[in-house]
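Down below is the structure, laid out as C-alpha cells.
The values are calculated or read from the model by the stated rules, or taken from the named source; none is laboratory data. In this text the structure is predicted, and so the values were computed from the model without any measurement. No Cβ is skipped: glycine too gets one built from the backbone with ideal geometry, and neighbour counts run over all protein chains shown. SASA here: full protein model, heavy atoms, side chains in, ligands and nucleic acids out. Shrake-Rupley method; radii C 1.70, N 1.55, O 1.52, S 1.80 Å.
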Amino acid sequence: MLRYEKEFDPAVTGTPAGAALAAAPSDSRAAPSDGGTMPRDRAPGSSGGTPAGPGDPPGKPGDPAVPSEEGYAADDAVYVFDDEKAVLAVNVALTIGRPLLLFGPPGSGKSTLAPNVARLLGWEYYAHVVTARTEPEDLLWRFDALRRLNDAQAHQLDDNSEKYYTKGPLWRAFAASTGRRAVVLIDEIDKADPDLPNSLLGPLGSLSFPVPWNERETVTAQRDLAPFVVITTNNERELPGPFIRRCVVHELAPPTRDHLLLVASSHLGAAYDQEWAGRVADHILAVRELMPDPATGPSTAEFLDALKASQQLGIAPGTTAWDELESITLRKRRPGLEPAP
C-alpha cells in the first residue's frame, strides 16, 4: 500500500498545510476526519473495525457510501483508488501546491477523481465543464450583461457593479468563505481556445486575481486554505508547454478486469456477484479489443450500467437477450462495433 509521508501523516487529524491520500486496493470510502486524511488503522476495504474478508464488500451497513440490499451506491459516492501512481500524483500535487493535470481515455475516471478526493478529505467541491465558448474569466467570474441592460432600460441600474457579477469556481475556492479548503475541477480544458490554459497561469500561480469592478482590490487565497485544482483533458488539442510545465501530470489507464471487479464490488455491495460481474467484465474487454482504438471502448460507468441491468433483468452474458443488452449498453454503434447490415 502506498503511503506518502514526507510531511503528512495520514493518521493525524486537524487541518494540515497539505493532505495525503492513501491508496486502498479495494476502496477508499472511509469517512474523512477533521483533517481529511485517511486514518492509518483502517485496512483497505474495511470500515474501521474488523477487516473485510476477501469476498466481503468494503464498508459497513449504515455508511452512506455503502449500498444496502435494496440499492446501489451513488456514482459519486465511490471511487476505487487502486492505482498507486494516481494516488502519488494527488499527494505530490497537494504537497507542492500545483494543479493536477489528468490525461486518459474517456471513461478512465478523470472527471470523477476530483469530487471523490474532495469527499474523502472533507473539502468543498466546485466544478466547471469547459466548452468551446468558455472564456478565461468564466472560471473566475461571469458578468451578467443582459441583466445590466434590462436594469438600464428599466431605469433601475444599480450603481454597485458587484450586483452584476457571479462568482466562478476559482473565486469561491480562493475566498474559502466556509473556512474549508476546496477541490476545483476544470473539466476538458482542451475544448477551449489555447489562450485559456495560459490565462490561468497567473491566478493559479499567485493564488490571486483582481476584482473585476475594482482592480485595486484582489481576491487572494490564504496559503493554508489554498484549493487543490484538478484539470482534465481528452488530449483532443495540444496544451501550451508553459501550462503543462506548471502542472503535476498523470495519465490514467483504461480500466483492467481487476479494477472493474473492484468497482462493481464497491457499488453493488451485498448485491455483488463476483462470477456474474466477471463475465460482464470479460465482455467489456472483448468488445474493447474489437475496436480500432481500444482505449475509446466502453467505460467503467457503462460496465456498471450493463452489469446492473443484466442482474436486475436476469439477462445472463452469452444469451441472445444479452446480445441485445450489450448492443444498447456497451457497443452503441462505436466504430468497429456497428451491427451487421
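Here are the numbers for the structure shown:
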quantity: From the options L100, L88, residue that is modelled with pLDDT of 50 or more and in contact with a Phe, Trp or Tyr (Cβ under 7 Å, 6 or more places away or on another chain); calculated: L88
quantity: Boolean, L121 is open to solvent by less than 20 Å² (accessible area, probe 1.4 Å), at negative phi and modelled with pLDDT of 95 or more; calculated: no
quantity: Residue selected from region 103-118 under the condition within 21 Å of R246 (Cα to Cα) and open to solvent by 20 Å² or more (accessible area, probe 1.4 Å), by the criterion modelled with the lowest pLDDT; calculated: S111
quantity: Leading residue by the ranking (farthest from G109 (Cα to Cα)) among those in region 292-317 that are at pLDDT below 90 and over 26 Å from the mean Cα position of the chain (by Cα); calculated: A316
quantity: So P335, is it within 21 Å of F103 (Cα to Cα), outside any helix (DSSP H, G or I) and at pLDDT below 85; calculated: no
quantity: Region 297-316, subset free of Cβ contacts under 8 Å to residues at least 40 places away in the same chain and outside any helix (DSSP H, G or I), residue least open to solvent (accessible area, probe 1.4 Å); calculated: I315
quantity: Subset of region 257-296 [surrounded by 19 or more Cβ atoms within 10 Å (Cβ to Cβ) and among the polar types (S, T, N, Q)]; calculated: S265, S266
